Amino acid sequence: MRQPLHRRLGLHRAAGGWSGGWSGRWSGGAAPGDARSDDQGEESPWGPAPVIEVRSLVKSYGHGDAAVRALGGAPQPATGEPAGVDLLVEQGDMVAVMGSSGSGKSTLMNILGCLDVPTAGRYLLDGIDVGGLDEHQLSLVRNRKIGFVFQSFNLVPRTPALAQVELPLAYAGVKAAERRRRALAALTLVGLADRVEHRPNELSGGQQQRVAVARALVTAPAMLLADEPTGNLDSQSTEDVLGVIDRLNASGRTVVLITHEDEVARHAKRVLRLVDGQIVSDVRQAPVDGPPPALRDPAAFAAAHPHADPAGAAGGPHTGPRLPQPPSPHALTGGTR
Ligand SMILES: Nc1ncnc2c1ncn2[C@@H]1O[C@H](COP(=O)(O)OP(=O)(O)OP(=O)(O)O)[C@@H](O)[C@H]1O
Ligand SMILES: [Mg+2]
């Protein structure tokens, strides 16, 4: 049996999460949800810890006069320091991040995905303070906690869909037969059971993106992080992919997606807008603990949004069978693979 992830990372439990941390300015005490047991999976009296907890996050590029503050806003007159970004995302939420070009969306996404580190502030991902982790530890966290979906699919050329989806399981050390079983299940969930041997150039754009979604979900990550997942798709394929993401969220998976498109943001339970590296609006469109908007009342959603495809969103022919409840994200740390 493998060790829990926090032990493999060499972390110890500390107030506010697992120890580590950028030497940021955040000095907040324990927040609701911080009381997590050493074996995890145990909820605090306030419910599960947020999947994302970001405090006073600042990201600057360059130095001196050439410095660009991508995230965190302008210095405040009183302190001379930027306010920074604060953000809590609860388990089961589906959050769209919108904003004009240059507003800081990709910068935020890269930090949330542990692909980049902030200049200041603190980030707890599923209870783990990722600041101060080394590159190897961060790659473990990325593999176990986050499923990425990119605008350009990022599939491996000339490789069948099944092998693409098995790949993150191979990195996680899962044995061949189990890899195959899980990858087949993930491809079935995205409606591609009949395309497992197809290579990217033998699949439509929407099908390629659904392979990418299967690859992102096969490790049962705490969070699906998608940067413009429908940016390269036509409207039907967009609805197919959104239908899969809707159903993943309805079955408990936390989703954060960046989008320019209002059509996509309408699928989210919560919409954040960034301007000049700061969150200027935060609108809840549906409760965290219910289905996403397209699945709450599919007929009403379709009537309000004529381009949407409630059949696809609700589990129609494009999207395959109903998704099972995913394991708790904390089960990932239990070392059962
Ligand atoms: N590596 C970098 N070096 C210097 N400045 C950068 C770097 N990356 C981003 N920036 C700057 O940070 C700001 C935010 O960039 P970011 O890529 O996060 O924007 P975005 O909201 O994702 O935009 P888009 O919608 O065009 O993708 C921009 O002003 C950008 O020029
Ligand atoms: Mg961007």
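Rounded to the nearest 0.05, what FRET efficiency do D262 and S152 have when you use their Cβ-Cβ distance and R0 = 25 Å?
After rounding, the FRET efficiency stands at 0.70.
Can you compute the FRET efficiency between D65 and L138 using 1/(1 + (r/R0)^6), with r the Cβ-Cβ distance and R0 = 25 Å? Round to the nearest 0.05.
0.20
Please give the net charge around T254, taking every other residue with its beta carbon less than 13 angstrom from that of T254, where Lys and Arg add +1 and Asp and Glu add -1.
Summing Lys and Arg as +1 and Asp and Glu as -1 gives -1.
Over its Cα atoms, what ratio of radius of gyration to 2.2 N^0.38 Å does the stretch 116-234 give?
Scaled against compact globular proteins, the figure is 1.12.
Would you mind counting up the charge near S100? Only other residues with Cβ under 12 Å from its Cβ, with Lys and Arg at +1 and Asp and Glu at -1.
The answer is +1.
Grab the other residues whose beta carbon is less than 11 angstrom from that of A216, score K and R as +1, D and E as -1, and report the net.
Net charge in that neighbourhood comes out at +3.
Which of the peptides 211-218, 187-194 is most tightly packed, and how do the rest follow, judged by the mean count of other Cβ atoms within 10 Å per residue?
Top to bottom by mean Cβ count within 10 Å: 211-218, 187-194.
Values quoted throughout were computed directly from the atomic coordinates according to the rules given, and no laboratory measurement underlies them. On a predicted model such as this, the values are computed, not experimentally measured, just so you know. Note that we place each Cβ from the backbone using ideal geometry, even for glycine, and neighbour counts take in every protein chain shown.
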